[in-house]
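The values are calculated or read from the model by the stated rules, or taken from the named source; none is laboratory data. What you see is a predicted model, and the numbers here were worked out from it, not measured in a lab. Methodologically, a virtual Cβ is constructed for each residue, glycine included, from the backbone with ideal geometry; neighbour enumeration extends over all protein chains shown. Heavy atoms of the whole protein, side chains included, go into the accessibility calculation; ligands, DNA and RNA do not. Shrake-Rupley method; radii C 1.70, N 1.55, O 1.52, S 1.80 Å.
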Number of protein chains: 2
Amino acid sequence: MRPHNFSAGPAGLPEAVLTRAREELLDFRGSGASVMEISHRGPVFMRLAEEIEVRLRRLMQVPDDYAVLFFQGGATLQFSALVWNLLGDRAGGDYLVTGLWSDKAQRIASSLCDARIAATSADAAGAYARVPQPAEFDLDPNAAWLHYCPNETVHGIEFPYVPASGAVPLIADYSSSILSRPIDVSQYGMLYAGAQKNLGPAGITLVIVRRDLIREPASGTPPVLSYLGQAGRESMLNTPPTFAWYLLGLVLEWVEEQGGTDAMAARNDSKSGALYRAIDASNYYSNAVDTDCRSRVNVTFDLADPAETATFVAEAQAARLLALKGHSAVGGLRASLYNAVSQQAVDDLVSFMAEFERTRG
Amino acid sequence: MRPHNFSAGPAGLPEAVLTRAREELLDFRGSGASVMEISHRGPVFMRLAEEIEVRLRRLMQVPDDYAVLFFQGGATLQFSALVWNLLGDRAGGDYLVTGLWSDKAQRIASSLCDARIAATSADAAGAYARVPQPAEFDLDPNAAWLHYCPNETVHGIEFPYVPASGAVPLIADYSSSILSRPIDVSQYGMLYAGAQKNLGPAGITLVIVRRDLIREPASGTPPVLSYLGQAGRESMLNTPPTFAWYLLGLVLEWVEEQGGTDAMAARNDSKSGALYRAIDASNYYSNAVDTDCRSRVNVTFDLADPAETATFVAEAQAARLLALKGHSAVGGLRASLYNAVSQQAVDDLVSFMAEFERTRG
């Protein structure tokens, strides 16, 4: 068995997906070539892309009036692209700032439009440990969107509710929690996700956008970042990252085989529940996030003695528990429990933590 | 043996590269994870990225005063990014238009700056069969750059010389001919290439840019498309397409093992020479490109009876000669002879062509 991989992203993939990719790496569906060696516009890849869209729509119950698009550049490039595509004649959009990623989205948008902070949960020291309550929102009814990040990967903070934005389209960066549980797509004007956590490898980005919001983008928008342009060309305005797209398809297939997003939610509740219980039961480990908005996919925690953090990471790795180091912006430890991480992985981590506490605590 | 793959891109990769990737797909260098499952900022991937840069610099003899950067989005996204990054206080750049790709580069730049056509080789009907001579250039000494495409993939046209641009930085879209022969990088202000032809799989784009040209990009430039930003962060301002990057490294290793760009040039001359000789010796096959600027990587050709084109493609595929259909913009046939295509592949194609002519011609 391979070691347990708690990487925040690029994250571990289901072993079944990698095994399948390995099997067909030199000959995809009898084409005589690898899936990465065939034309994206040829019949073999076009059929694959179609199958993937059908599967994604089924898994996420995407309504027909939403387009499913793929891009390169990660969610970070969408921070700009969404402004070019969705601003129209509005002056700007509203942002809920709850951690590193929503902060970055707001900052990057600020260079292109009036990106108002409608609410922030940063404390006086700039740290994040909660999400704002709706009563704290200062929403602009003329905003082109309300943007938020349902799960902050770095801080381990997850919205326990979907913000109400009234008539203003709601936009969500779902990079770290997409497919981790059911999402009611109809509540969103647009949602997007870099693939490298719960969808596949790095290098492909999913955008789901309500069709009535798709319009001619701002002048000067690179054509390959135009929602209108890509929607009219099956996301193939230029050569797409075909192998990443294919792997994303294999991940969707695996999620479906496992029982879909309901099954994923049950597993993720169980995994994160077990880890938070272990943290809370201990005086050695701690998690600073308000209990009602603790992330069920990225569990951050600290040691009573922070000087032991590097030792913890190294000994965990030796015990085949990989990538537990926290993000450099916040330090500490982090276990990312994406769909590909098993209950067994969490159980082994909890056992390791108990033993580490016994010997070092 | 796998069939011969003449795809224009995503193109065939060396079988040795795919075999190697398959071997280490589930465990990269003893990390216990696939190379696509580890943090780009972790020691294993950082070391790989460094090795790849060293190898690329050696293979292409990249001078020290040039930065080697990687992006997502393909060469098409660089059509915009280069304007944002390199325009500075100039009004625009000059373009040599010699086919579909240089035309597209000029059109996209036009939405962002004054993109002057300094020369075009389009005939009255808009077709391309040659490159312009230097005497035809109408260069602006104040242009921020002179942009050209050394090899037009769709039309099968290759510059037999490097345009002289004086003090104006020369920019080249080398997507289809990079590594096909030695390039004197010092003649360029910047050169770039989508990987999916001669460098690796789709999803990663190489930019080599002279460091003194790297400056603060235009306001509103997405940070991940900033040359300055990416140069300061090892091309990892956000999560890069790690698996594509890794495969690109394997391709570089393979090219080096084969003898480097000199060996590639000799092979490509031999392969393209054999195919053009077969075309020229026949009354059934024809190539319309001026002989001095025929591409040595993308060989376009037509049948005396164009109605037989689809039959040719289908019968070739049945004979294990894949992807010979010409680009939809020009029709006809095209054999792309990138580095991974063997002399044997060309010999088999020439034999097939002779037999097809004998039975159908």
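Counting every C-alpha pair in segment A:94-218, the share spaced more than 22 angstrom apart comes to 32%. With contacts taken as Cα pairs under 8 Å at a separation of at least 6 residues, chain B carries a relative contact order of 22 percent. So, taking all protein chains as they sit and a 1.4 Å probe, how much accessible area belongs to B:D65, in Å² rounded to tens? The accessible area comes out at roughly 80 Å².
Once the Kirkwood radius over Cα pairs is known for segment A:62-144, the Stokes-Einstein relation at 25 °C and 0.890 mPa s delivers a diffusion coefficient of 174 µm²/s. Within segment A:261-348, what whole-number % of the accessible surface is contributed by carbon and sulfur, with the 1.4 Å probe and all protein chains included in the calculation? The C+S portion of the solvent-accessible surface of segment A:261-348 is 49 percent.
Given R0 = 30 Å, the distance between the Cβ atoms of A:A91 and B:I117 translates into a calculated FRET efficiency of 0.25. Within the shell defined by Cβ-Cβ distances under 12 Å, the residues around A:F356 carry a net charge of -3, with Lys and Arg each +1 and Asp and Glu each -1. Assuming charge only on the beta carbon of Lys and Arg (+1) and of Asp and Glu (-1), the dipole of segment B:259-360 about its Cα centre is about 240 debye to the nearest 20.
Interface of A with B. Using a 1.4 Å probe and counting protein heavy atoms only, the two chains hide about 4000 Å² of accessible surface, both sides summed. Other residues lying with their Cβ under 11 Å from the Cβ of A:G326 contribute a combined charge of +1, Lys and Arg counting +1, Asp and Glu -1.
Here r is the Cβ-Cβ distance between B:Q317 and B:Q187 and R0 is 60 Å; the resulting FRET efficiency, rounded to 0.05, is 0.90.
Checking buried surface per residue: for segment A:71-99, which residues lose a minimum of 30 Å² accessible area in the protein assembly relative to the chain alone (1.4 Å probe)? Residues meeting the cut-off: A:Q72, A:G73, A:T76, A:L77, A:W84. In the assembled protein chains, A:D269 presents an accessible area of approximately 70 Å² (probe radius 1.4 Å).
Under a model in which nothing but the beta-carbon of Lys, Arg (+1) and Asp, Glu (-1) is charged, the protein assembly as shown shows a dipole of about 420 debye around its Cα centre.
Of the residues A:V224, A:A316, A:Q133, the one whose Cα sits farthest towards the positive end of the charge dipole of chain A is A:V224 (charges of +1 on Lys and Arg Cβ, -1 on Asp and Glu Cβ, taken about the Cα centre).
Find out how many positive minus negative residues lie around A:E24, taking Lys and Arg as positive, Asp and Glu as negative, among other residues whose Cβ is under 14 Å from that of A:E24. The answer is +1. With a ≥ b ≥ c the root eigenvalues of the C-alpha gyration tensor of segment A:259-360, is it rounded (a/c under 1.5), prolate (a/b larger than b/c) or oblate? In terms of gyration-tensor shape, prolate. Reported value for segment B:15-257: 122 Å³ per residue, from the convex hull of its C-alpha atoms. Our compactness index for segment B:250-310, the C-alpha radius of gyration over the empirical 2.2 N^0.38 Å, is 1.42. The accessible-area loss of segment B:13-41 on complex formation, taken against its chain alone with a 1.4 Å probe, reaches 30 Å² or more at B:L18, B:R22, B:L25, B:L26, B:G32, B:M36, B:E37. Figure legend: label point modelled 7 angstrom from the Cα of A:A263 along Cα→Cβ; residues of segment A:183-206 with amide N under 19 Å from it are A:183, A:198-200. Inter-copy label distances at B:R55, using a point 7 Å along Cα-to-Cβ, come to 3.0 nm with the shortest given first.
Just to confirm my numbers, what's the Cα centroid distance between segment B:138-207 and segment A:78-141 in Å? Taking the Cα centre of segment A:78-141 as reference, the centre of segment B:138-207 is 40 Å away.
Excluding ligands, DNA and RNA, the accessible surface per residue across the protein assembly as shown is 36 Å² with a 1.4 Å probe.
Above 22 angstrom, tally the Cα pairs of segment B:1-157 and express them as a % of all pairs, no decimals.
Of all Cα-Cα distances in segment B:1-157, 61 percent exceed 22 Å.
The helix-only estimate of mean residue ellipticity at 222 nm for the protein assembly as shown, built from DSSP H runs of length n ≥ 4 each weighted as -39500 (n - 2.57), is -11000 deg cm²/dmol after division by the residue total.
Annotation: lysines with alpha-carbon distance below 28 angstrom to B:K271 (same-chain offsets under eight excluded): B:K197, B:K325. Our compactness index for the protein assembly as shown, the C-alpha radius of gyration over the empirical 2.2 N^0.38 Å, is 0.98.
Using 0.36 nm per residue of separation minus the Cα-Cα distance, give me the extension gain between B:E256 and B:V162 in nm, one decimal. Please list the in-between numbers first.
Numbers: separation 94, 0.36 × 94 = 33.84 nm, distance 2.44 nm.
That works out to 31.4 nm of additional length.
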